[in-house]
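Input: a single structure, listed below in structure tokens.
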Amino acid sequence: MRTANDAAGVAAELAAVPAHERVALVDPRFVGHVHALRLALTDPRFPAAAVRGALSVQPEARTALARAVTAAAATARTSGSGGGAPTAAPARALGPAESLERETAPTGAPATVPGRAGQARPPLGSAPRPGVDAGGGDAGAASSADAALRAPDAADASGEYAESRSRTRPSGTAAAPGAHSRVDDLAAALDAEGVPVHRPELGVLVAAVPADALSRAKAQDAVDAVDDERVRLRSAVKSRDGFFTTFCISPYSRYIARWCARRGLTPNQVTTASLLTALIAAACAATGTRPGFVSAGVLLIASFVLDCTDGQLARYSLQYSTLGAWLDATFDRAKEYAYYAGLALGAARADGDDVWALALGAMVLQTCRHVVDFAFNEANHDATGNTSPTAALSGRLDSVGWTVWVRRMIVLPIGERWAMIAVLTAFTTPRITFYVLLVGCALAACYTTAGRVLRSLTRRAERTDRAAHALAELADTGPLAELVAKAAPRGPSSYLAPLSAALGAAAVLAGTAAAGFGSWVPVGCAVLYAVLAGVAVAAPLKGPLDWLVPPLFRAAEYGVILILAACSEVNGALPAAFGLIAAVAYHHYDTVYRIRGGTGAPPHLLVRAIGGHEGRTVAVTAAAALLHHRNQGFTIALTALAAALALAVLTESIRFWVSSGAPAVHDETGEPA
């Protein structure tokens, strides 16, 4: 690291740093915890972040920073005072796996900020001691030069969004009044220019720029009174999680995360290890033997421990990335659904029990539950006038400790669900496992959906155009419904959209179940469903229950495929249907996480090319009617459709997430996963 002696020096040093690099400025008088600096300097998710005396800026905000520094230099020249201006110089570039403590650790040649009179500054992030902050003189008379470093590149990471939390105070407060810092002036200038400066909640951590020796001593005492490593470990865990995860996994998985961080492992590597462990568990379940089932249960829990660890590692080391967020979200579904397939194969090998319909039903139910969660949140997270007696009651219940955990367990989040599946796999049969899973997920779905319907009916909220657009993208409408929507436009209506979607879903599901495999009745019902789907999306989805439209469409499409495959009695139809729904569900999850990242749904050309939900429903019912008399025709049709869809959506999805530069958005909501 280097220092510059005035604002002009800072501007020169910043100009020397490549435009694609992240830069940071730190007041050398900074006293505080290293983790406070980490939160401000190494989190890649924000264009700018700051604590008292420290500021980091991403490439997209570099121009605004340069203008602010130039203005500071001009002010200094006008006033004739060069002292006290922020100074900067780039430090060595860090590798992707390196963290702030490696920059500050005294290994080899310590990274220091040179002081005057040939003396060395303390390592960045340490708490300077009185008398050694500057070469000669009192510590309170330390130079006001600020140090800037080239921050680590954003590392590939997975996990969820997190910040330091618990007992909070405003970022940058200290144990005593602080000195004026030009770094804070630059942060304020960025705010004034419209660049959002993220100021992490420090909780009990200290970040200060002391004004004199006494305040420096007080700040140092405050630093010594708090173990920032304990705070860092605590903040690595989600603030809101399930009972099983909170009390049975996180107490030790956070230490596994620290062990991984100290050995340079990345969250993406841990995520991949979790996926491989789950796939091995599925393979063990597929053996159909009792030792295989027991091993599968143990490995499934091990996979979940690693799944918790990757997010905790991302929060512990502040390694966030777009690719990591995508991998963490999609791998969870891949692991669970692969395990369902392994159980179905194991049941067939063990005693010839065919439970593919149950496995498919579990996947359909779980996916529809998630769509309810996503659609409700998208419809209401930015609604204005967002009040409801039901929500108020929920808030009061959350003030009673034991009700919080009961309510979190009722919704059967991923921790409770996987623990239940693992235990049942080890000690019972796949059929019993699926029965219990279906009952538990159905009760959880009824509980959450009913509560959200009540909130929506009693809430006086005005939904935004952005929310309506997000719901329209989640609907996954194809060309057939679009033609209907254009031909019969309608005005806004409070309940017409969910009513049309519900009638269409009920018609196609009931018609398919009643007519059975090989009839043309399901085709007619599917066409009627496409018409009603077009009516549902003909106007912006701003009604109180319009968030129900996407999950109703998912239930209709997945349910028709499940019913036709189960009724066909064609060899291999159910496994082929499992693959088809898995491919379509991946497309829908991909849509969700793109919307969460603010990048919008997949290209409309792709949505049209794969038919939309109503087009695929018509295609599957037509294939069942046309190919029912052929031995393997329906199975071949489902397999071919699954392969084509998987190729199309995976190609586009991988291209997008690897190369788009979308923001790294991580889920910290605690919603059921």
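The values are calculated or read from the model by the stated rules, or taken from the named source; none is laboratory data. Every value quoted in this text rests on a predicted model; they were computed, and no experiment measured them. Cβ atoms come from the backbone with ideal geometry, glycine included; neighbour counts cover every protein chain shown. Accessible surface is based on the protein model in full, side chains and every heavy atom, while ligands, DNA and RNA are left aside. Shrake-Rupley method; radii C 1.70, N 1.55, O 1.52, S 1.80 Å.
Here are the numbers:
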quantity	calculated
Among the residues listed as V406, V484, the single one being touching a helix residue (DSSP H, G or I) at 6+ places or on another chain (Cβ under 9 Å), aliphatic (A, V, I, L, M), free of Cβ contacts under 8 Å to residues at least 60 places away in the same chain and more than 28 Å from Y586 (Cα to Cα)	V406
Complete set of residues in the stretch 651-668 that are at pLDDT 80 or above and open to solvent by less than 70 Å² (accessible area, probe 1.4 Å)	E652, S653, F656, W657
Odd one out for P47, checked against (1) at pLDDT 50 or above; (2) on the phi < 0 side of the Ramachandran plot; (3) within 31 Å of the chain's Cα centre (by Cα); (4) buried (at least 22 other Cβ atoms within 10 Å of the Cβ)	(4)
Filter result for the condition that a residue is assigned to a helix (DSSP H, G or I), in contact with a Cys (Cβ under 7 Å, 6 or more places away or on another chain) and open to solvent by less than 40 Å² (accessible area, probe 1.4 Å), over A261, A282, A296	A296
Of the criteria (1) out of contact with any helix residue (DSSP H, G or I) (no Cβ under 8 Å at 6 or more places or on another chain); (2) open to solvent by 30 Å² or more (accessible area, probe 1.4 Å), which one T272 fails	(1)
Filter result (surrounded by 15 or more Cβ atoms within 10 Å (Cβ to Cβ) and more than 23 Å from the chain's Cα centre (by Cα)) within the stretch 459-478	R459, A461, R463, T477, G478
Pairs where the first residue, in the stretch 339-352, is within 22 Å of L276 (Cα to Cα) and the second is part of a helix (DSSP H, G or I) and among the aromatic types (F, W, Y), C-beta under 6 Å, 6+ apart	A344/W356
Residue list for the stretch 564-589, restricted to those being over 30 Å from G600 (Cα atoms) and assigned to a helix (DSSP H, G or I)	L564, A565, A566, C567, S568, A573, L574, P575, A576
The stretch 18-46: number of residues that are in contact with a His (Cβ under 8 Å, 6 or more places away or on another chain) and farther than 21 Å from S235 by Cα	0
Matching entry among Y316, Y320, Y339 (being among the aromatic types (F, W, Y), crowded, with 23+ Cβ neighbours inside 10 Å and not in a helix (DSSP H, G or I))	Y320
Contacts under 8 angstrom Cβ, first residue in the stretch 1-14 being touching a residue at least 24 places away in the same chain (Cβ under 8 Å), partner of a type in the set (K, R) and open to solvent by less than 30 Å² (accessible area, probe 1.4 Å), 6 or more apart	T3/R121
Test: residue in the stretch 316-332 that is more than 30 Å from L37 (Cα to Cα), out of contact with any helix residue (DSSP H, G or I) (no Cβ under 6 Å at 6 or more places or on another chain) and not polar (S, T, N, Q)	yes
Complete set of residues in the stretch 192-205 that are within 15 Å of V69 (Cβ to Cβ) and of a type in the set (D, E)	E193
The stretch 212-245 - residue that is among the hydroxyl-bearing types (S, T, Y) and either open to solvent by 40 Å² or more (accessible area, probe 1.4 Å) or in contact with a strand residue (DSSP E or B) (Cβ under 8 Å, 6 or more places away or on another chain) (or both) and, of those, farthest from M420 (Cα to Cα)	S215
Which listed residue, of I561, I636, is assigned to a helix (DSSP H, G or I), among the aliphatic types (A, V, I, L, M), over 24 Å from the mean Cα position of the chain (by Cα) and within 23 Å of G534 (Cβ to Cβ)	I561
Of all residues making up the stretch 499-532, the number that are under 36 Å from the mean Cα position of the chain (by Cα), within 13 Å of A556 (Cα to Cα) and not small (G, A, S)	5
Complete set of residues in the stretch 528-581 that are hydroxyl-bearing (S, T, Y) and open to solvent by 10 Å² or more (accessible area, probe 1.4 Å)	S568
